[in-house]
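I have placed the structure first, in the form of structure tokens, so that the comments after it can refer back to it.
No lab work stands behind these numbers, since they all come straight from the coordinates. Keep in mind that what you see is a predicted model, and the values were worked out from it rather than measured. Please note: Cβ atoms are built from the backbone with ideal geometry, for glycine as well, and neighbour counts cover all protein chains shown.
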Amino acid sequence: MRAQASDRSARTRARIRELGPWFHNLCLDGIWTAPDHFLGDYPAVKFARYADALPADLSGRTVLDIGCNGGFFSLEMKRRGAARVLGIDHDEDYLAQARFAAATLSLDIEFRQLSVYDVARLGERFDLVFFLGVLYHLRHPLLALDLIHEHVAGDILVFQTLQRGSPERMTLAPDYPFAECAIFDDPSFPRLHFIEHRYSADHTNWWFPNPACTEAMLRSAGFALFAHPEEETYLCRRAERPYPEYGAVYPSRGNPT
Ligand SMILES: C[S@@+](CC[C@H](N)C(=O)[O-])C[C@H]1O[C@@H](n2cnc3c(N)ncnc32)[C@H](O)[C@@H]1O
């Protein structure tokens, strides 16, 4: 019996090594996938700060985890009893990790290779949508939020992004005269900082909003913020878009000719 367990653990250890490097630190058969993560026990340390803000019992609910990576959040939501969990990512290597983790933990989760830009293909709305740590990796961040609103968000959006710049939020006026320029020098005005080259040696970091900008983008895409359990994380409800005529422009509905 003990020999069988140690065989399994040796196989798991070998497979974890083959599938690495891991961004998610998961415990599989007693072995950690990313024990030396530069952010510590990630993303468990992050999730611990808002885990209680989400429903403990997800029986009957559906969950979409966009940019699921090694599957940490998908696994957590399945453990809460979600009826269906779908994790999508555009990176097959991360999906292989997530599939292996779910199989090792005997959790029934679907993982599919799909970009956030293609969520319309799912043809389904989900009670909870996770969109964590992806926005700043996108060249078209507002389009992604528009697409999520238009095609897959059913009720709650759990959103997280890296942010840089002032943590202050100013009260925004509904309009500004053309001559108003000073407002743009105020660091608390919504700002999306563009990274032309690299940040943290990663060329997939494109945009860092300040918190005022994160919140404005979410509102503008039609998400009503109802909780802000930690600096980078927002819980939102799908709502009406403030400007219904402006939404996802891709895939184009018009005739390209
Ligand atoms: C920083 S990781 C965040 C992972 C996880 N959501 C979390 O919060 O720990 C970003 C993830 O987004 C994925 N990603 C980046 N661009 C994507 C896209 N266009 N569509 C789907 N996934 C994407 C990456 O492959 C990666 O797994």
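Rounded to the nearest 20 Debye, what is the dipole magnitude of the chain about its Cα centre when Lys and Arg each give +1 and Asp and Glu each give -1 at the C-beta? Intermediate results must be reported in sequence, preceding the final value.
On the way: 27 positive and 34 negative charges, 174 e Å.
Approximately 840 debye in magnitude.
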- line: The long-range amide H neighbours of A34, using H built 1.01 Å from N in the peptide plane and a cut-off of under 5 Å, are L26
statement: Between F130 and residues 5 or more places away or on another chain, the pairs with built amide H atoms under 5 Å apart involve L64, D65, I66, V158
- line: Counting only residues 5 or more apart in sequence or on a different chain, those whose built amide H sits under 5 Å from that of W207 are L138, I195
query: For segment 1-116, what is the percent of antiparallel DSSP beta bridges, rounded to the nearest 5?
result: 25 percent
message: If you average the alpha carbon positions of segment 1-52 and of segment 98-156, how far apart do those two centres end up, in angstrom?
response: 23 Å
- request: Using R₀ = 35 Å, calculate the FRET efficiency as 1/(1 + (r/R₀)^6) where r is the Cβ-Cβ separation of A227 and R11; round to 0.05.
  value: 0.25
message: I want to make sure I understand the PRE zone here: with the label point 7 angstrom from the Cα of S59 toward its beta carbon, which residues in segment 68-102 have backbone N atoms less than 16 Å away?
response: 78-84
field: Which of H24, A201, P141, positive extreme of dipole for the chain (C-beta unit charges)
entry: H24
query: In whole Hz, what ³J(HN,Hα) sequence does segment 58-73 give by Karplus (6.51, -1.76, 1.60; θ = phi - 60°), x for Gly and Pro?
result: 10, 3, x, 9, 10, 9, 10, 10, 8, x, 5, 6, x, x, 3, 6
message: Could you check the spin-label model distance between R49 and A201? Points 7 Å from the Cα along Cα→Cβ, value in nm.
response: 2.4 nm
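Provide the packing ranking of 50-59, 88-97, i.e. peptides ordered by the mean count of other C-beta atoms within 10 Å per residue, highest first. Numbers along the way, then the final one.
Numbers: 50-59: 13.3, 88-97: 18.8.
For the peptides 50-59, 88-97, the packing ranking is 88-97, 50-59.
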query: Got a sec to turn the phi values of segment 211-228 into Karplus ³J(HN,Hα) couplings, 6.51 cos²θ - 1.76 cosθ + 1.60 with θ = phi - 60°, whole Hz, x for Gly and Pro?
result: x, 4, 6, 3, 5, 5, 5, 4, 4, 5, 7, x, 10, 8, 6, 10, 8, 9
query: Relative contact order for the chain using alpha-carbon pairs under 8 Å, separation at least 6, rounded to a whole percent?
result: 14 percent
